[in-house]
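Worksheet: one structure, shown below.
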Amino acid sequence: MRVIKTKKTKLVPRHITSRGALVRGYRSGLEDKISEQISKADLKVYYETDKIKYTHPPRQSTYTPDFKLPKIGGFFYVETKGRFVTADRQKHLLIKEQHPELDIRFVFSNQNSKIYKGSKTTYADFCRANGFKFAHRFIPEEWLNEGHPPPTGLHGDLL
């Protein structure tokens with residue numbers, strides 16, 4: 001297997017990246033697309049800026065969310081997923097349990113993918129059952145707009 005070094009000097013197998021995404025510092029075409037979408041919404045792109053500690057029995061672990069976006073009163077994270085394997089699902093359930101104050105949302109390349117071969121449960125079903133917000137292929141406009149205060153009129157009333 002041929003391996004390519006990214007700008008962050010992390011080793012990423014070639015088969016899970018696109019060359020253009022690598023050049024721009026991302027690990028997947030979906031991450032690259034989402035960063036473009038965030039930029040076009042006139043928001044600053046925060047990519048893998050934060051590390052979240054959580055306990056994965058019996059060890060301490062760290063999770064680095066893909067994107068951090070503003071919302072009124074704080075922020076939320078967007079995690080892009082092509083494949084949402086068992087280890088990822090377990091990790092996010094642990095993080096949700098240990099950090100209920102965090103708002104972590106998912107953008108899937110295909111929300112209708114099954115969680116494993118032969119399963120009837122899709123990625124979307126998993127998110128609904130566990131209280132995660134999710135989207136298919138793109139960040140919904142309403143998520144992007146959460147970082148912008150609502151427009152007000154001359155006397156401060158909402159438009």
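Here are some notes:
- Fully extended contour minus Cα-Cα distance, from Ser119 to Ile72, at 0.36 nm per residue: 13.1 nm
- Too-long pairs where the Cα-Cα distance tops 29 Å, listed order kept, from Lys96/Lys120; Lys71/Lys91; Lys68/Lys117: Lys68/Lys117
- In Hz, Karplus ³J(HN,Hα) per residue of region 47-52 (6.51, -1.76, 1.60; θ = phi - 60°; x = Gly, Pro): 10, 6, 8, 10, 10, 10
- Point-to-point label distance, Arg59-Glu101, nm (Cα→Cβ direction, 7 Å offset): 2.7
- Distant-in-sequence amide H partners of Lys133 (H built 1.01 Å from N, under 5 Å): Phe106
- Region 36-143 shape via C-alpha gyration tensor axes, a/c threshold 1.5: oblate
- Here's the picture: a label point sits 7 Å out from the Cα of Asn130 along the beta-carbon direction, and within region 63-88 the residues with their amide nitrogen under 20 Å of it are 63-68, 76-88.
- Per residue, in Å², the accessible surface of region 37-159 once ligands and nucleic acids are set aside, probe 1.4 Å: 60
- Shown in residue order for region 87-92 are the 3J(HN,Hα) couplings computed by the Karplus curve 6.51 cos²θ - 1.76 cosθ + 1.60 at θ = phi - 60°: 4, 5, 5, 5, 4, 5 Hz (x for Gly and Pro).
- Region 34-128, accessible surface, carbon-and-sulfur percent (1.4 angstrom probe): 50
- Rounded to the nearest Hz, the phi-derived 3J(HN,Hα) couplings of region 105-116 under the Karplus curve 6.51 cos²θ - 1.76 cosθ + 1.60 (θ = phi - 60°) are 10, 10, 10, 9, 5, 8, 5, 8, 5, 7, 5, 7, where x marks glycine and proline.
The values are calculated or read from the model by the stated rules, or taken from the named source; none is laboratory data. None of the values given here were measured: they were computed from a predicted structure. Here Cβ is always computed from backbone atoms with ideal geometry, including for glycine, and neighbour counts include all displayed protein chains. Areas reflect the complete protein model, heavy atoms only, side chains present, ligands, DNA and RNA absent. Shrake-Rupley method; radii C 1.70, N 1.55, O 1.52, S 1.80 Å.
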